[in-house]
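Input: a single structure, listed below in structure tokens.
The values are calculated or read from the model by the stated rules, or taken from the named source; none is laboratory data. Please read all numbers here as calculations on a predicted model, not as lab measurements. In this analysis, Cβ positions are derived from the backbone assuming ideal geometry, glycine residues included, and neighbour counts consider all displayed protein chains. The accessibility values were calculated without ligands, DNA or RNA, using every heavy atom of the protein model including side chains. Shrake-Rupley method; radii C 1.70, N 1.55, O 1.52, S 1.80 Å.
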Amino acid sequence: MKLFLPAATNVAFCQRKHLDHTGTRLPSCDLNDIHCRPCCARWLPVAALMLAALALAACAPEQPAPAPAKGAPAQQKLPPVVYGQLPPELARYAEAIDRSRLPYIHIDLHQPHKLAPWNSSLGGAAYLPKGQEYPAGPDGVPLTLLAQFNFSEMPALEGYPAGGMLQFYISGSKSKGHFYGASSESTKPYNAERAFLSLARQRWFRVLYHPTVARDVKKLQPTTVIASDNLPMAGTSALTFGIRTEPVSVQDYRFARILGQPPWELFKQFGAKQDAVSENYETFSQKYTIAKLGGYSKPTQTDVRTAQPDGDWLVLFELQGGGVKGGFYSEWGDSGMAVFYIRRQDLARRDFSNVVYSWDNL
């Protein structure tokens, strides 16, 4: 007999979606986090009872699985596809999908051997010219470098800088005002667009751009790694880059704009095959990339840019969980990721003061 552990008994991680009184989703919980224990602890008595019931059930004869509800179509499986192979059910959309392709800078991570202050990196000590102040949060605690990109080390990507250094910092301090540097403020009454715009307040995170890059240590201030147990990442990686293209992803808010329908409506037409077609499209369109600039976004849950469906917000920098041994590694919760969005017009002006920073997980 097979035993399936109910979600309520998973006391290591509380996978349900946490909502505050405004309807704002909060990150998944870890029972090792003292702030999470009150919300998850109430499941423990339930878990004990359910585990006992499961133990008794294991001794009983196995019963046949219940039949599907009358009239409910059973989900049908389809032959799996591989990356780059469009599911045949979507052949009528092939031209639109091909036109949707966007270039992006794919980033590979390496161990940080011979990493200079002016080199691109994930994590590590920040590049800081003399005379410039190191960024800090409202509490005065220095922010931690998440990533820095020297565009002279990267292939050209249309619309993005050809030179200069772009840096991303987040807070590792404890505060009710943020989670991993992203705003945790809620609006009353809740308003999706206001909540979205609040993610651009660079209080607990910072995006800085240095138009020129000094390659002389005499012109730089010495910096160190700002470590914290409250951060989702650790370590340092040197980086190499390449240009790739990708079609629109199911998660990106531009999907409906490109294919005429939101994904749930488009795939619904396939009836019992809809889940399989959707999964096969994701396999076709997505090549796993830990970090990238440009292209389409792949949030774990909802693209926060849907609050401004007619906006022109681009992917400035997206970071999925993962890393390399002996180098940088990040973990944003269960299947989590972090992303920074910028308006096309601000990117063209090299104005990084209005960048939206968001992260999510299951």
If you project the alpha carbons of the range 201-328 onto their three principal axes, what span does each projection cover, largest first, in Å? 64, 35, 32
So for the range 67-188, what are the equivalent ellipsoid semi-axes in whole Å, largest first, each being the square root of 5 times an eigenvalue of the Cα gyration tensor? 42, 26, 15
Contour excess over end-to-end distance, with Cα ends at Arg201 and Asp98 and 0.36 nm allotted per residue: 33.5 nm
Using a Förster distance of 41 Å, the FRET efficiency for Thr224-Lys77 (Cβ separation, nearest 0.05): 0.15
If you roll a 1.4 Å probe over the heavy atoms of the protein chains, what accessible area per residue do you get for the range 141-275, in Å²? 47
Could you work out the Rg to Rh ratio of the range 320-362, with Rh taken as the Kirkwood radius (inverse of the mean 1/r over all Cα pairs)? 1.15
According to a simple spin-label model (label point 7 Å from Cα along Cα-to-Cβ), what is the distance in nm between Ile258 and Ile243? 1.8
For Phe179, list long-range residues whose amide hydrogen, built 1.01 Å from N in the peptide plane, is under 5 Å from its own amide hydrogen. Ser184
Aspartates and glutamates within cross-link reach of Lys268: Cα-Cα under 16 Å, excluding same-chain residues under 8 positions apart? Glu89, Glu279, Glu282
Given unit charges at Cβ for Lys, Arg (+) and Asp, Glu (-), the dipole magnitude of the range 205-336 about its Cα centre in debye, nearest 20, is 560
Glu133-Asp216 pseudo-label distance in nm [points 7 Å out on the Cα-to-Cβ vector]: 2.7
Rounded to a whole %, the carbon-and-sulfur portion of the accessible area of the range 96-166 at a 1.4 Å probe is 52
Report the Cα centroid-to-centroid distance between the range 283-362 and the range 98-138 in angstrom, as an integer. 15
Rounded if a/c is under 1.5, else prolate if a/b beats b/c, else oblate: with a ≥ b ≥ c from the C-alpha gyration tensor eigenvalues square-rooted, which is the range 246-315? oblate
Points 7 angstrom from Cα along the Cβ direction at Ala162 and Asp334: gap in nanometres? 4.8
Heavy-atom accessible surface of the range 208-265: percent carbon and sulfur, 1.4 Å: 56
